[in-house]
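Here's the structure we're looking at; comments come further down.
The values are calculated or read from the model by the stated rules, or taken from the named source; none is laboratory data. Because the structure is predicted, anything quoted here is derived from the model rather than measured. FYI the Cβ positions are ideal-geometry reconstructions off the backbone, even for glycines, and counts take in every protein chain you see. Remember, those area values only see protein heavy atoms, side chains included, never the ligands or the DNA or RNA. Shrake-Rupley method; radii C 1.70, N 1.55, O 1.52, S 1.80 Å.
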Amino acid sequence: MRTGTKGCNVVELAQKLLLDYENLENLACLSFETLVSVNGIGNDKAATLIAAFELGRRSLSQKSLFGKTTINSPDLIANYFIPLLKDEKQENFYVINLNGANKIINYKLITRGIVNSVLIHAREVYKYSIESNAVSIILLHNHPSGNENPSEEDIKVTKSIENAGKIIGIKLLDHIIIAGNNYYSFLDKKII
């Protein structure tokens, strides 16, 4: 935060923020608008705090799975993405591309939705997977509501993408839903 405000040095301001919001996890969830409404936090400090929290989330998730780890469990994927998505306020839909050895090639945010839904079509998913020379994919999205159970729409979209993959020869291995610190795996529940 670099500086404090009149009558409150930077350490006191930081302590006040922690006291008001109880812990860093709650503080990391605050929107830009909420941060700038705090006395002593202007646009620059709010942007710096948001960037710092995002770097922290990414740092926690950087157990780099890319090209190194054979993906043989939904836990590996969920534990990587939970720090990135647990505090998101909108649904984000990702495709994770894997090679023939079940190692991650890359992943991409395909679409961002509203609070409780996202529009997705198989062509957007497989366009990126074909360009990446993927042999198989894992779908992943978050539920900001905190309920990890799939909706009827989630199941319908998953089946549609799975069927399209059968036609083009890219296997859908799983669809994982992140909800806070929990997740739901279609593979574990034998929906795929």
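Points worth noting:
- Looking across segment 98-114, the residues that are within 17 Å of the chain's Cα centre (by Cα) and within 12 Å of Ser132 (Cβ to Cβ) come down to Ile104, Asn106, Tyr107, Lys108.
- A single member of Ser117, Ser145, Ser129 is open to solvent by less than 70 Å² (accessible area, probe 1.4 Å), among the polar types (S, T, N, Q) and at pLDDT below 95, and it is Ser117.
- Residue, nearest to Lys86 (Cα to Cα), within segment 158-178, restricted to residues that are free of Cβ contacts under 8 Å to residues at least 60 places away in the same chain and open to solvent by less than 20 Å² (accessible area, probe 1.4 Å): Ile177
- Within segment 21-42, the residues that satisfy the criterion of being open to solvent by 80 Å² or more (accessible area, probe 1.4 Å) and over 15 Å from Phe53 (Cα atoms) are Glu22, Glu33, Ser37, Asn39.
- Verdict on Ala122 being open to solvent by less than 30 Å² (accessible area, probe 1.4 Å), out of contact with any Cys (no Cβ under 7 Å at 6 or more places or on another chain) and at pLDDT below 90: yes
- Comparison of Ile170, Ile161, Ile130 shows that the only residue that is aliphatic (A, V, I, L, M) and within 20 Å of Ala78 (Cβ to Cβ) is Ile161.
- Highlighted here are the helices (runs of 4 or more DSSP H) found entirely within segment 1-104 that include at least 1 residues which are touching a strand residue (DSSP E or B) at 6+ places or on another chain (Cβ under 7 Å): 10-21, 74-85.
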